[in-house]
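Every read-out reported here was derived from the displayed coordinates using simple, explicitly stated rules and does not represent laboratory data. No experiment lies behind these values; they were computed from the predicted model shown. Heads up, the Cβs are rebuilt from the backbone with ideal geometry, glycines too, and the neighbour counts pull from every protein chain shown.
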Amino acid sequence: MPQKEKPISAKKESEQHKIPNPISLGLSFILGNPVNYTYLFIGKTLLEASPDGSSTLSKTKLVGQTVVVTGIVHRSKGLKIYVLRRSDNKDFYHGLPQIYADVPSAIVAQELSLL
């Protein structure tokens, strides 16, 4: 019995939320809309991007921005925090040139999606 093909748009949607393995430098993402008015896995500092921190980033300035992974910070217990910069090399706002993110968790929470 032949399997039915998914519509092309459904395939694209599922591929956007797939976590790339490995996440490397130069990988591009689009910042999504956070569910709770603040980002859970994206922050201004390394502490805010960790699972224990709370972010103070304004979602209104970030939604829809294209970002690129420019660095990887190895934290304790094997946690990796990724340094993200805008793809056009401009600041996010108020002199903030980079943000930090737990990329795999942010993809699952739909705060980031693959470009």
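With the convex hull drawn around the C-alpha atoms of the stretch 15-114, the volume per residue stands at 91 Å³.
Let me confirm the definition first: pairs of Lys residues in the stretch 15-114, 8 or more apart or on different chains, C-alpha distance under 24 Å. How many are there? Total qualifying Lys-Lys pairs in the stretch 15-114 comes to 11.
With a cut-off of 15 Å between beta carbons, the residues surrounding GLY64 carry a summed charge of +2, where Lys and Arg count +1 and Asp and Glu -1.
Neighbours of HIS74, meaning other residues whose beta-carbon lies under 14 angstrom from its beta-carbon, give a summed charge of +2 when Lys and Arg score +1 and Asp and Glu score -1.
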